[in-house]
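Quick notes on the structure that follows.
Every number in this text was worked out from the coordinates using simple rules, so none of it is lab data. Just so we're clear, the structure is a prediction, and the values are computed from it rather than from any experiment. Reconstructed Cβ throughout: ideal geometry from the backbone, glycine too, with neighbour counts over all protein chains shown.
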Amino acid sequence: MNTFRILPFLLALVPVCAQAEPASPPAKPEAAKPATKPEAAAAQKPLLPNQQAFLNLPEERRKEFGKQLGEAQRLFQQKRIFETFDALDKADAVFPDSPESLNMRGACYVEIRNFDKASATFNKALLLSPENPSINFNIAEVLFVTKKWQESHDLFIKIFQDLPKDNQALSRLVEFKILLCKKKLGLKDDAVALAKKYGLDDDSPYYCFAQAAIAYDDKDLVKAEEWLARASRIFTNPEVLAPWQDTLVEFGYIKSFYGGELKEE
């Protein structure tokens, strides 16, 4: 069975859980300053219908929802997938229109390799939280792992354009997936150019993994392994490298650490 990195709570979808938490103590008063135009626009941004519906629930039900969703997240992180489904069922019984719950349910379907249900569930979540980068990323990941290269490429491009500039870790990973999609689409020159976009001094494994991908295409397995080994020496935290390694597994360059690999179309 392959690993498959999914993002159940990459970015705040709809912060309904926070509504059930006690408010933080007020910060020390500071001199008032006028809000900038973006800040003012954000403050006036209307709630989505499902957000307003959640706020209309009694406080006890909001707390119960937060409790069950938190339990589902804990179980998911422990890979206790079927128990996660049970916790999500309990959360949905309190409030059924939560994009967070649907996003995590989709992630559970991914874990059991039911990509059709995962895709349908992520798309349902997106209807409740349009343009959400976390949900869009998961949809693109399903397209990537099921080898729908053009659709995956186009959605990853959109995600990259919409990501906050300070989210470098995810931005680099998305660009790496774009690079791999370009290779499958026959855009070799574009892929090679993208592989050179960052250097070894970058604060991500992008350069090492991009060079490894180029080496794999050139059938130079020794050089590819050298680049991956260099990445491991530079980035010693396994959690940093895991999504990059998973991407190579999904793409088919290396075998899954669990044995086996996805077959080519």
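For a distance above 21 Å, tell me the whole-number percent of Cα pairs in the stretch 154-254 that qualify. Before the final figure, lay out the partial values.
Numbers: 1353 of 5050 pairs.
The calculated P(r) of the stretch 154-254 puts 27 percent of pairs beyond 21 Å.
With a 10 Å Cβ neighbour count serving as the proxy for reagent exposure, in which order, fewest first, do VAL192, VAL222, VAL110 appear? Working shown, then result.
Numbers: VAL192 16, VAL222 7, VAL110 24.
Fewest-to-most ranking of VAL192, VAL222, VAL110: VAL222, VAL192, VAL110.
Rg of the Cα atoms in the stretch 61-174, relative to 2.2 N^0.38 Å, amounts to 1.09.
Per-residue packing, averaged as other Cβ atoms within 10 Å, sorts the ranges 227-233, 176-182, 58-64, 141-147 into the order 176-182, 141-147, 227-233, 58-64, beginning with the highest.
Among THR236, THR121, the order by Cβ neighbours within 10 angstrom, fewest to most, reads THR236, THR121.
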